[in-house]
Amino acid sequence: MRALLSHPRAGLTLLELLVVLVILTIAAAVVPLAWRPSRADDGNALDVLTQRARREAIRRGEGLRLRVDTDGAWVLAARDGSDVLETGRIVPPAAAVSLRLDALGTCQPGSAPPMADLAAAAVTGATASFDMLGCRYLPTLAATAGVVP
């Protein structure tokens with residue numbers, strides 16, 4: 001008995017080893033999430049804003065208008081324009097955007113694109129269609145294939 005008490009125990013117990021492994025597993029799962037880029041990056045800022053506006057239109061149960069200027073300033077207002085709900089600024093988009101959102105979450109372009117944008121699209125052959133459920137402009141098949149319609 002005396003020989004057992006004179007030597008301190010060496011090594012780890014199975015329980016201590018399991019606790020360390022659980023802590024390392026949790027750390028390995030959480031650390032990459034902290035390094036992930038935010039969803040409101042340069043390319044996604046407009047998408048994040050339109051999705052937020054869609055959720056607000058659904059939550060309120062009424063139509064809303066979203067306008068984003070070329071300098072990045074945006075306004076979310078009631079459909080009739082009588083009430084401005086929110087304003088802010090995002091990374092400037094390539095062109096001004098105007099959307100009409102309804103209470104069901106679908107949206108439509110709010111106004112025709114400026115004539116300069118239409119002329120540039122005609123010269124380059126770029127055309128776009130609008131996805132009403134996704135609230136975003138999509139290049140058409142002809143534009144992505146490089147074929148002028």
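Here, each number is a calculation from the coordinates, and none is a lab measurement. Bear in mind that the values here come from a model prediction, so they are computed numbers and not experimental data.
The stretch between residue 103 and residue 27, if pulled fully straight at 0.36 nm per residue, gains 23.2 nm over its current Cα-Cα span. Principal semi-axes of the equivalent ellipsoid, √(5λ) from the alpha carbon gyration tensor of region 10-108, are 46, 17, 9 Å from largest down.
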